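The values are calculated or read from the model by the stated rules, or taken from the named source; none is laboratory data. Just so we're clear, the structure is a prediction, and the values are computed from it rather than from any experiment. Reconstructed Cβ throughout: ideal geometry from the backbone, glycine too, with neighbour counts over all protein chains shown.
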Amino acid sequence: MADRIMKVNAFTTLDLVDAEAEGHGFTEEAFATLNVTSPRKNPDHVSLQLELDNTSLETLPAHADTVRLTPEEARKIASALETEAEKVEAAAED
């Protein structure tokens, strides 16, 4: 990514995933960085961050989206991800 907003290093959760941005009248696909973190000092939330590779985007300007989650919300998302992953794995086995 040429104009990266998020820091990517050895601790980044997923540094290259397929992503899609959808808006009114456009859909763009690009590689993306997805990261899950919490503040080092006095952690009071979990951050989920996503940044699409802006070198592949025509409509969307360079940006990163961040969602701040409570521990309960983060666990709810983790549980939902586990459930959906199991569905996909089960379908692949059939």
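When you scan segment 23-50, how many residues do you find that are part of a strand (DSSP E or B), out of contact with any helix residue (DSSP H, G or I) (no Cβ under 9 Å at 6 or more places or on another chain) and under 20 Å from A78 (Cα atoms)? Steps first, please.
Residues of segment 23-50 that are part of a strand (DSSP E or B), as a first pass: 23, 26-37, 46-50.
Filter once more, so that each one left must be out of contact with any helix residue (DSSP H, G or I) (no Cβ under 9 Å at 6 or more places or on another chain): 23, 26-27, 32-35, 37, 47, 49-50.
Now drop any that are not under 20 Å from A78 (Cα atoms), which leaves 32-35, 37, 47, 49-50.
Residues that pass the stated criteria total 8.
Of all residues in segment 6-22, those being assigned to a strand (DSSP E or B) and either under 17 Å from S47 (Cα atoms) or in contact (Cβ under 8 Å) with a residue 12 or more places away in the chain (or both) number 7. I'd like to know if segment 79-90 contains one or more residues that are modelled with pLDDT of 95 or more and assigned to a strand (DSSP E or B). Checked against the condition, which is being modelled with pLDDT of 95 or more and assigned to a strand (DSSP E or B), segment 79-90 yields no hits at all.
Residue pairs whose Cβ atoms lie under 6 Å apart, separated by 6 or more positions or on different chains, with the first residue in segment 74-94 and touching a residue at least 24 places away in the same chain (Cβ under 8 Å) and the second surrounded by 10 or more Cβ atoms within 10 Å (Cβ to Cβ) and not in a helix (DSSP H, G or I), are A74/V46.
Would you check which residues across segment 56-94 are polar (S, T, N, Q) and loosely packed, with under 12 Cβ neighbours inside 10 Å and list them? Reasoning before the result, please.
At the first step, the residues of segment 56-94 found to be polar (S, T, N, Q) are 56, 59, 66, 70, 79, 83.
Residues satisfying the conditions are T59, T70, S79, T83.
Each residue in segment 8-50 was checked for being surrounded by fewer than 12 Cβ atoms within 10 Å (Cβ to Cβ) and within 21 Å of P61 (Cβ to Cβ), and 8 pass.
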